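A.B. asks: Here it is, the structure, as C-alpha cells.
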Amino acid sequence: APPLPLPGTMTSTAEFFEGAVKSGTMILISEIGDKTFFIAAIMAMRHSRATVFAGAIGALGVMTALSAALGWAAPALISKTYTHYLAVALFFFFGLRSLYESLLAWEGGGMQEELEETEKELGAKGKKTKTKTK
C-alpha cells in the first residue's frame, strides 16, 4: 500500500495549482493600489527597472516565505482552536483597518493622494541619503 500523506501536505498536483492560483490572486488583488505598488513604480522611473524588479520580487518572495512558515508553524506551536480564533481576529482587524483606510482615501482624494504622499516620502528619503554622502 502507498504511504499515507502527512497531515497538511499536498495530495495531488491539482491541490497544488489550486493553492498557487488562490494565493497568487489574493496577492495580486491586495497589492494593486497599495503604497508598495506606488513605491515600486516610482523607483522604477528613477532607477534601473531590472534592479527595482529584482528587489520587489525578492521582497515579495521573502514575505511569502515568512507567511507560509508562519502558517505552517502557528498550528504546530499553538492549539488549532486558538490558531483559528486568532486568525479570525486578525482577519477582522486588518479587514476593518483596510475599510477605514479606504474610507479616508475616498474622502481625501483616493489614489492620487496616496501617490503624492509616497512621492514625498521617497523625496525626503532621497534628500537624507544625499546629504549623508556629502
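A.B. asks: Would it be correct to say that LEU96 is open to solvent by 90 Å² or more (accessible area, probe 1.4 Å) and not acidic (Asp, Glu)?
C.D. replies: Answer is yes for this residue.
A.B. asks: Mind counting the residues in segment 9-66 that are surrounded by fewer than 11 Cβ atoms within 10 Å (Cβ to Cβ) and within 24 Å of LEU99 (Cβ to Cβ)?
C.D. replies: The qualifying residues number 6.
A.B. asks: Right, something else. Considering only segment 40-134, give the helices (runs of 4 or more DSSP H) lying wholly within it that have at least 1 residues that are among the acidic types (Asp, Glu) and at pLDDT 75 or above.
C.D. replies: Where helices (runs of 4 or more DSSP H) fall fully within segment 40-134 and carry at least 1 residues being among the acidic types (Asp, Glu) and at pLDDT 75 or above, they are 80-108, 111-133.
The values are calculated or read from the model by the stated rules, or taken from the named source; none is laboratory data. Note that the coordinates shown come from a computational prediction; the quantities given were computed from them, not determined experimentally. Positions of Cβ are generated from backbone atoms using ideal geometry, with glycine treated the same way; all protein chains shown enter the neighbour counts. Only protein heavy atoms, including side chains, enter the accessible area calculation; ligands, DNA and RNA are left aside. Shrake-Rupley method; radii C 1.70, N 1.55, O 1.52, S 1.80 Å.
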